[in-house]
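Scroll down for the structure; my scribbles are underneath it.
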Amino acid sequence: GRSGNLAAARYATSSAVAPLDTPFDSVSLPPPLPDYVAPSETKIKTLSNGVRIASEQLPTPAASIGLFINCGSIYETPISSGASHLLERMAFKSTTNRSHLRVVREVEAIGGNTLASATRECMTYTFDALKTYVPEMVELLIDCVRNPAFLEWEINEELQKIKAELEEVSKNPERLILEAVHSAGYSGALANPLLVPESAIDRLNSDILEEFVTENYKGNRIVLAASGIEHKEFLQIAEPLLSDLPAGPPLNEPKSVYVGGDFRRRADSPSTHFALAFEVPGGWNNEKDTVTLTVLQMLMGGGGSFSAGGPGKGMHSRLYLRVLNEYQQIHSFSAFNSIFNNTGLFGIYGSTSSDFVSRAIEIAAEELLVLATEGSVSQLMIKRAQEATKSAVLMNLESRMIIAEDIGRQILTYGERKSVHAFLKMVDEVTLRDITNMAKKIISSPLTMASYGDATNQLAASSVLNKLRHELQAGDGVYRGSTNTPPRPSPYTSPSP
């Protein structure tokens with residue numbers, strides 16, 4: 001007790017004890033890290049058949065490899081509808097060289113991790129493991145993509161799992177609505193469902209999958225990307241396995257036209273879920289608008305009414321401060337975007353009680369109108385959104401799996417991998433006027449609305465769109481808010497320091 005503490009105090013203050021910064025004679029310290037470490041270079045080689053092999057060396061003991069293909073639900077026909085979703089489920093199954101059991105055993109033997117995903121524009125197959133197993137990783141990954149066996153019993157087993165998945169999706173309003181804004185908002189390829197339609201479950205078979213793969217898995221549409229691997233070594237392993245792929249004709253992406261629409265699904269639910277969405281023309285190919293849109297989404301933010309605080313949780317965003325903090329009837333309220341190569345969607349998703357849904361939709365429209373009004377956002381808030389955007393990007397790029405995906409997806413879209421510093425510079429160049437102009441551009445496009453639950457009290461899409469345009473164009477063009485709503489003080493309208 002007391003005597004022990006006194007003894008410790010005397011020992012700590014004794015002149016016989018060396019200071020803590022005294023170096024040990026027998027210990028040599030490693031050289032300090034330099035103040036600046038140059039980023040690793042992404043090296044790319046294009047084979048004669050159009051396949052692109054890219055890698056970036058990283059000082060890590062593990063490596064991530066991804067095979068990315070310009071092929072997704074936008075390339076499906078009425079006959080092959082749902083093929084992309086089923087291919088995702090059939091990834092790493094039996095091949096003409098391996099049984100499914102052998103694939104699993106080989107992955108387990110090296111402690112690897114495999115993943116497959118299907119989007120509207122891209123199929124992705126990834127493999128993550130220690131660098132010492134790179135030859136095994138590359139060979140197994142390419143075998144599973146190039147030589148699938150498509151055994152009928154495996155297909156039937158996965159189709160049964162898809163049935164169960166569709167039942168779960170039908171109980172997930174957010175996923176259902178975000179899917180509906182695409183099918184209702186677009187005419188053409190982007191309206192194709194990302195999930196297998198129920199009507200296609202009994203139609204899909206090995207012949208349809210084989211035809212879809214043969215038609216779309218061509219050399220000029222494939223990128224093999226890796227993070228953590230020396231490029232010369234990577235080429236020596238991968239090039240012989242991909243050089244004999246057929247090149248394929250020039251890629252002609254199916255056309256999509258944004259038209260807007262209204263989707264409603266009545267359900268016995270305690271809450272009504274809704275989304276307002278607008279087109280953002282240009283997509284990834286319009287980099288300036290895409291960067292502005294990313295900052296705009298971060299600025300609006302949002303979340304759930306029970307979101308925990310902390311960085312990145314949206315607690316300082318406009319939708320959280322101005323909506324979730326003000327209206328207890330609203331359960332969730334957040335901005336979202338869905339960007340493709342040549343177009344994209346930006347919108348607000350929310351959930352609320354059924355008797356408050358019309359007012360919640362009006363609030364969402366008001367928030368978009370405020371952003372489209374000059375002087376509605378301070379420079380301080382833009383700066384915060386810019387820093388949050390850069391932080392999110394840099395934290396994501398700390399993951400080698402995301403680096404591999406970034407390499408593959410950028411090469412598919414741009415034919416090269418652009419520097420992250422160029423992106424950060426574009427984020428810093430976003431101005432208040434850019435945000436205002438982007439908001440005006442968004443709400444000038446046709447509106448897409450989707451809802452799930454009791455939509456009896458929901459406003460029609462045309463009413464919301466007319467309100468948006470009328471308020472923006474009325475008088476001097478300055479939006480002053482609904483006359484039925486008392487003004488809400490906001491830190492976003494205060495002058496920046």
Region 208-329: equivalent-ellipsoid semi-axes (sqrt of 5 x gyration tensor eigenvalues, Cα, Å): 42, 23, 17
Accessible carbon and sulfur surface of the chain relative to its total accessible area, %, 1.4 Å: 55 percent
Trypsin sites (Lys or Arg not before Pro) lying in DSSP loop within region 107-178, provided at most 15 other Cβ fall within 10 Å: 171
For region 146-169 versus region 72-88, the gap between their alpha-carbon centres in whole angstrom: 13 Å
Chymotrypsin sites (Phe, Trp or Tyr not before Pro), loop per DSSP, at most 12 other Cβ atoms within 10 Å - longest free stretch of the chain: 37-305
Dipole magnitude (debye, nearest 20) for the chain, charges at Cβ of Lys, Arg, Asp, Glu: 1220 debye
For region 48-101, radius of gyration divided by Kirkwood radius, i.e. Rg to Rh on alpha-carbons: 1.07
Estimated [θ] at 222 nm from DSSP helical runs (n ≥ 4, -39500 (n - 2.57)) normalised by residues in the chain, nearest 500: -12000 deg cm²/dmol
In region 194-297, trypsin sites (Lys or Arg not before Pro) in a DSSP loop with at most 15 other beta-carbon atoms within 10 Å: 203, 255
For region 311-421, average projected area of the Cα convex hull in nm²: 9.1 nm²
Karplus-derived 3J(HN,Hα), 6.51/-1.76/1.60, for each residue of region 47-52, Hz, glycine and proline x: 6, 5, 8, x, 5, 10
Accessible area (Å², 1.4 Å probe, nearest 10) - residue 401: 60 Å²
Hull-based mean projected area of the chain, where the convex hull spans the alpha carbons, in square nanometres: 33.3 nm²
Cα-only Debye scattering, region 122-227: base-10 log of I(q)/I(0) at q = 0.25 Å⁻¹: -1.30
Extent along principal axes [Cα atoms of region 59-136; Å; largest to smallest]: 44, 31, 14
Residue order for 114, 389 - accessible surface, 1.4 angstrom probe, largest first: 114, 389
Mean accessible surface per residue for the chain, computed with a 1.4 Å probe while every protein chain stays in place, in Å²: 49 Å²
Percent of Cα pairs exceeding the 16 Å cut-off, where the set is region 382-454: 66 percent
With all protein chains modelled, accessible area of residue 326 [1.4 Å, Å²]: 90 Å²
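The values are calculated or read from the model by the stated rules, or taken from the named source; none is laboratory data. Bear in mind the structure is a predicted one, so any value in this text is a computation, not a measurement. Here Cβ is always computed from backbone atoms with ideal geometry, including for glycine, and neighbour counts include all displayed protein chains. Quick note on the areas: whole protein, heavy atoms, side chains included, nothing else; ligands and nucleic acids left out. Shrake-Rupley method; radii C 1.70, N 1.55, O 1.52, S 1.80 Å.
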